[in-house]
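Every read-out reported here was derived from the displayed coordinates using simple, explicitly stated rules and does not represent laboratory data. Note that the coordinates shown come from a computational prediction; the quantities given were computed from them, not determined experimentally. Every residue, glycine as well, gets a Cβ built from its backbone with ideal geometry; the counts of neighbours run over all protein chains shown.
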Amino acid sequence: MRFQFIAVEKAYHTVTILCRCLQVTPSGFYAWRGRPESTHARDDRRLKVLVRASFDESKQPVRQSAPISSSSGSGSAASASCG
């Protein structure tokens, strides 16, 4: 998390100052920047997209289905077999 903050804020402050304030080494920051994304981080990013999509979908109004009409016949097959 600290390194991500440094990556964003380095446009406004030097990496050295940011690292000193956050008590990390500049070499640690540059090593982090060169590493590939971890499996855990990739999974978290993918899940964030899925959770957001599910949340957005849940905010949609529920569509009403057509009401079930009763048949005007002499009865259903279930009532005829009962007796």
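Net charge of the neighbourhood of Cys19, taken over other residues with C-beta under 15 Å away and scored Lys/Arg +1, Asp/Glu -1, is +3. Note on Asp44 and Gln4: the model spin-label points, each 7 Å out from Cα along the C-beta direction, lie 0.5 nm apart. Protection proxy ranking for 11-19, 43-51, using the average of other Cβ atoms within 10 Å per residue and placing the highest first: 11-19, 43-51.
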